[in-house]
Amino acid sequence: MENRYRESEYVELKEQYSDTIIKEVIAFANSGGGSIYVGVNDDGEIIGIDDADRLIQKIANTVRDAIAPDVTMFVSYKNLEQDNKTFLEIQVQRGTMIPYYLKSKGLRPVGVYVRQGTSAVPASDSAIREMIKSSDGDNFEEMRSIQQDLTFEYASNVFKRNNVEFGYMQMKSLGMIVEDMLYTNLALLFSDQCPHIIKAATFKGVGQEEFQDRYEFRGSILKQLDEAYAYLDYRNNLHGSYEGLVRIDIKDYPAIAIREALLNAIIHRDYGFSAPTIVSVYDDRMEFISFGGLVKGVCLNDVLNGASICRNPKLANIFYRLKLIEAYGTGLLKILNSYNDKMEKPDFKVTSATFKTVLPNVNYGNRSIRAVLVDTACEEDSEYLSYIKEKGVVTRAMLQEKFGMSLSSANRALKQLVVKELVDKIGSGKNTRYEIKK
């Protein structure tokens, strides 16, 4: 009898009922299964229990109410008799929807347990991810998110702005919520807690020897999209050249090319990689690097020919509903078409782990071009100048707050004042400030 009732990887002994039994059930369901004997002490001696039927009902109710997903079909109960003593056997099979966890703790190490030797121990984050992967498959956006304490303030505002419903039922139909009201990784991307980021930097010259500024865009990917685009739009300078008496104004980059390159980097990125999306601005080009390369079995020519094979179809579907994209598989073609009348052409470079889009600066190297800004806001200039003169020195944030402007509008206004030689720009990056030109 001592040989039979001895704790092991598959056997747990409990002299009497305690709440820790629930952790043992979770650990066995997440591991290789096993049996819990209640009424047997650590030495394997049968102590017995009173009113076994009542205890079975109590444990069954707790298992049903305290554990998610529903594990009841993998748990069975049996009354055993020996030496005129009654004790209980709880048999737990490995579940098919691992990881199982305490509802009160969520999909975190404090709520997820596995069997290690003769003990139930908290699972590590990496172990939880592997369990989710084994149950949900390898599709990132459909997998249950480890982070469940999510908010959607920014996304809700974007959906509302586009007259798209964004309640519980909509989130479920979009693939953001699955059984047991759990958020998926797709929801994580749109949440304010999204851990994936975009890093952007502007360099002086055509290499990376000297930074002009650098930023990290965080939060919901919709927030990152808005802020990263504003950053790039601010650096898309307007230049002018003359054909006879006619001046022709040309931006460094077609706006649609920047937009599509940024959207492409966000939508087609493999979010299984923790590395950030990288955007770099040089004097002669913009580069967008997203991780994951192309979907397996697809080559660059397939994509350039209009093949539409999306790594994150649910993510793309939401962007489509928000009218951020018009159709799948057209982004690179739009980039190419935007350069139809240019001598310079975009370039796309693919490795096993990355996809790089390179947009050439169409004005780079043209010595006859000089920077110009159309003077369409003289009255507004006066208001800005009066405010700057009053304060002595201002920042972009101060101008935003004073006039209720967006980030991109404030950047554009200050840029105009600098180019017109009305204001001096002092410092760089987050320390940039402006004062009346002396």
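The values are calculated or read from the model by the stated rules, or taken from the named source; none is laboratory data. The shown structure was predicted, so the numbers you read here are calculated from the model rather than taken from an experiment. We place every Cβ from the backbone using ideal geometry, glycine too, and count neighbours over all the protein chains shown. Protein only, heavy atoms only, side chains kept; ligands, DNA and RNA dropped before computing areas. Shrake-Rupley method; radii C 1.70, N 1.55, O 1.52, S 1.80 Å.
With θ set to phi - 60°, apply the Karplus curve 6.51 cos²θ - 1.76 cosθ + 1.60 along the range 189-204 and write out the HN-Hα couplings as whole Hz, x wherever there is a Gly or Pro.
4, 8, 6, 5, 9, 3, x, 7, 10, 10, 9, 10, 8, 10, 10, 8
Which peptide among 356-364, 54-62 comes first, and what is the full order, when sorted by highest mean count of other Cβ atoms within 10 Å?
Per-residue Cβ counts within 10 Å, averaged per peptide and sorted highest first, yield 356-364, 54-62.
For the ranges 148-154, 408-414, 217-223, what's the packing order if you count other beta-carbon atoms within 10 Å of each residue, average per peptide, and put the highest first?
Listed from highest to lowest mean packing, they are 217-223, 408-414, 148-154.
Ordered by packing density, taken as the mean number of other Cβ atoms within 10 Å over each peptide's residues, highest first, how do 290-296, 349-355, 206-212 rank?
Sorting 290-296, 349-355, 206-212 by mean packing, highest first, produces 290-296, 349-355, 206-212.
Roll a 1.4 Å probe over the protein heavy atoms and report the accessible area of R108 in Å², nearest 10.
About 110 Å², ignoring ligands and nucleic acids.
For the range 385-438, rounded, prolate or oblate, judged on the Cα gyration tensor with a ≥ b ≥ c (square roots of eigenvalues), a/c < 1.5 rounded, else prolate if a/b > b/c?
The shape class here is rounded.
I need to check one value: relative contact order of the chain, counting alpha carbon pairs closer than 8 Å and at least 6 residues apart, in percent.
10
What is the gain in length, in nm to one decimal, between R321 and L407 on full extension, counting 0.36 nm per residue of separation less the C-alpha to C-alpha distance?
Gain in length upon complete extension: 28.4 nm.
Where the centre of each part is set by its Cα atoms, how far does the range 261-309 sit from the range 18-83, in angstrom?
Between the Cα centres of the range 261-309 and the range 18-83 lies a distance of 51 Å.
How many lysine pairs does the range 141-288 hold where the Cα atoms are under 22 Å apart and the two sit 8 or more places apart or on different chains?
5
What length, rounded to one decimal in nm, is gained on full extension from K391 through to K133, with 0.36 nm per residue of separation minus their alpha-carbon distance?
Full-extension gain reported as 87.2 nm.
Quick one: pull the percent of accessible area on the chain belonging to carbon and sulfur, 1.4 Å probe, ligands and nucleic acids left out.
Of all accessible area on the chain, carbon and sulfur atoms account for 48 percent.
Would you mind working out the accessible area per residue for the range 159-227, using a 1.4 Å probe, and quoting it in Å²?
Per-residue accessible area for the range 159-227 comes out at 51 Å².
Check which residues have an amide H placed less than 5 Å from I197's amide H, if you skip close sequence neighbours.
T277
Counting only helical runs of four or more DSSP H residues, what would the 222 nm mean residue ellipticity of the chain come to if each run contributes -39,500 (n - 2.57) and the total is spread over all its residues?
It lands at -9500 deg cm²/dmol.
Please work out how much length the chain gains when fully extended from D70 to Y10, using 0.36 nm per residue of separation minus the C-alpha to C-alpha distance, in nm with one decimal.
Gain on stretching D70 to Y10: 19.5 nm.
Extending each Cα 7 Å along its Cβ direction at K349 and N337, get the distance between those two points in nm, one decimal.
According to this spin-label approximation, the distance is 2.8 nm.
Sum up the charges of everything whose Cβ sits under 13 Å from the Cβ of G219, counting Lys and Arg as +1 and Asp and Glu as -1, but leave G219 out.
Net of charged neighbours comes to -3.
What spacing in nm lies between the two simple spin-label points modelled at N305 and F211, each 7 Å away from Cα in the Cβ direction?
In this crude spin-label approximation the distance works out to 4.3 nm.
Using Cα-Cα distances under 8 Å and only pairs 6 or more residues apart, what relative contact order does the range 1-111 have, in percent?
29
Within a Cβ distance under 10 Å of G32, other residues only, what is the Lys/Arg minus Asp/Glu net charge?
Value of the local net charge: +1.
Sum up the charges of everything whose Cβ sits under 12 Å from the Cβ of V164, counting Lys and Arg as +1 and Asp and Glu as -1, but leave V164 out.
+3
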